[in-house]
Amino acid sequence: MTSRRQILAGAASVAMTAWAGAAQRPYRLAYLVPATPAANERNQRALFGALAELGYREGDNLAVERRFAEGRFDRLSALAAELVAFKPDVFFAGGSQAALAASKATRTVPIVFVAVSDPVGIQIVKSLQRPGSNATGLSNQAEEFQIKVLQLLKEVFPSASRVALLHDPTNLPLVQMLPTLKQVAATLALNLRVIEVRSPEDLVPAFEQLKSERPDVLYVLSAAFFVSQRGRIVEMVNARRQVAVYGQNEFADAGGLMAYSFNVIEQYRAGATFIHKILTGASPAELPVEQPTRFDLVLNLKTATAQGVTFPQAVLLRADRVIQ
């Protein structure tokens, strides 16, 4: 049986051979994410670590131009245009809004995206099996796992009825799935109160609204903007002793009580494989979009103790990771 090490070694050999055949010009990779460099550090390490295993090393046979929107999604279009001017061989986009900005900026440069909620719905691919465009990569099945968070919320807090939903109305996939989330909430006897947050300046007023409305539970949806602000959001939640659940596992690592989502690190690592395939001749139009195969439930017992929350034994046994 061929080992993963042998597969990676073979891929690295192919990468170096292709590079040598291209007169040793470094491959150019454009990198666009909506977060800050600090918030995106782990994801970067995952992608570029995987690329190194595949034979692509920055400063050697790989030149990288990076842009970070710093949580300002209105900057993504301009940043994408700057990156297209870099004339990259591949454009990497992290998250739905970055992928959409990249797709609008170029119809010719191959785009590899990760963590995109609905690539067909936002019209950057024609279908998951056959993208038929210059973009491909990994979706995150956001609607599926964000529904699961609601179900877990009800299991952990069975008496809860009033749930505040922190929502980014500039995030198109979230807007599209909101009616479904409301329908699912109704079947769970949960009354959703949507609180819209478009920018970092909206967070303080949002939490003042939470203070006055006093919901049983706050649900922070999985959105690139919220992930980029996760440290601040978790700090504000915990300082107010507001019980909250999250649709992205990074929040639990930042001190959030409970999170359930796809594995972001795995998606960034898998993105390297798409980049490799394109650099060695594959067409993004022919590379099927992959969907996550793993979803993780992460519980933070330290936060639970501080907030007086006791997880049901059944939930503890299902946890993929428990932070002590």
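The values are calculated or read from the model by the stated rules, or taken from the named source; none is laboratory data. What you see is a predicted model; the values in this text were computed from it and never measured. Don't worry about glycine lacking a Cβ; one is built from the backbone with ideal geometry, like all the others, and counts go over all protein chains shown.
Remarks
- Matching entry among A46, A80 (being hydrophobic (A, V, I, L, M, F, W, C) and within 15 Å of L100 (Cα to Cα)): A80
- Failed item in (1) modelled with pLDDT of 95 or more; (2) of a type in the set (G, A, S); (3) buried (at least 20 other Cβ atoms within 10 Å of the Cβ), with A52 passing the rest: (3)
- Helices (runs of 4 or more DSSP H) completely within the stretch 145-241 that count 1 or more residues being surrounded by fewer than 19 Cβ atoms within 10 Å (Cβ to Cβ) and at pLDDT below 95: 172-187, 203-213, 230-239
- Note on the stretch 215-243: residues that are within 19 Å of E41 (Cβ to Cβ) and more than 21 Å from the chain's Cα centre (by Cα) total 0.
- Residue list for the stretch 76-92, filter: part of a loop (DSSP other than H, G, I, E, B) and touching an Asp or Glu at 6+ places or on another chain (Cβ under 8 Å): F86, P88
- Considering residues of the stretch 247-304 that are assigned to a helix (DSSP H, G or I) and aromatic (F, W, Y) only, the residue surrounded by the most Cβ atoms within 10 Å (Cβ to Cβ): F251
- Residue list for the stretch 61-86, restricted to those being modelled with pLDDT under 95 and either acidic (D, E) or in contact with a Cys (Cβ under 6 Å, 6 or more places away or on another chain) (or both): E70, D74
- Number of positions in the stretch 186-208 that are among the charged types (D, E, K, R) and either in contact with a strand residue (DSSP E or B) (Cβ under 8 Å, 6 or more places away or on another chain) or not assigned by TED's automatic domain parsing to the domain that holds V227 (or both): 3
- Total residues in the stretch 219-236 satisfying the condition of being in contact with a helix residue (DSSP H, G or I) (Cβ under 8 Å, 6 or more places away or on another chain) and over 19 Å from V114 (Cβ atoms): the figure is 7.
- Whichever residue in the stretch 27-75 is assigned to a helix (DSSP H, G or I) and among the aliphatic types (A, V, I, L, M) and, among such residues, is nearest to K104 (Cα to Cα): L47
- Checking the stated criteria, Q123 turns out to be assigned to a loop (DSSP other than H, G, I, E, B) and of a type outside the set (A, V, I, L, M, F, W, C).
- Checked against the criterion of being of a type in the set (K, R) and more than 25 Å from A35 (Cα to Cα), the candidates R107, R130 yield just one match: R130.
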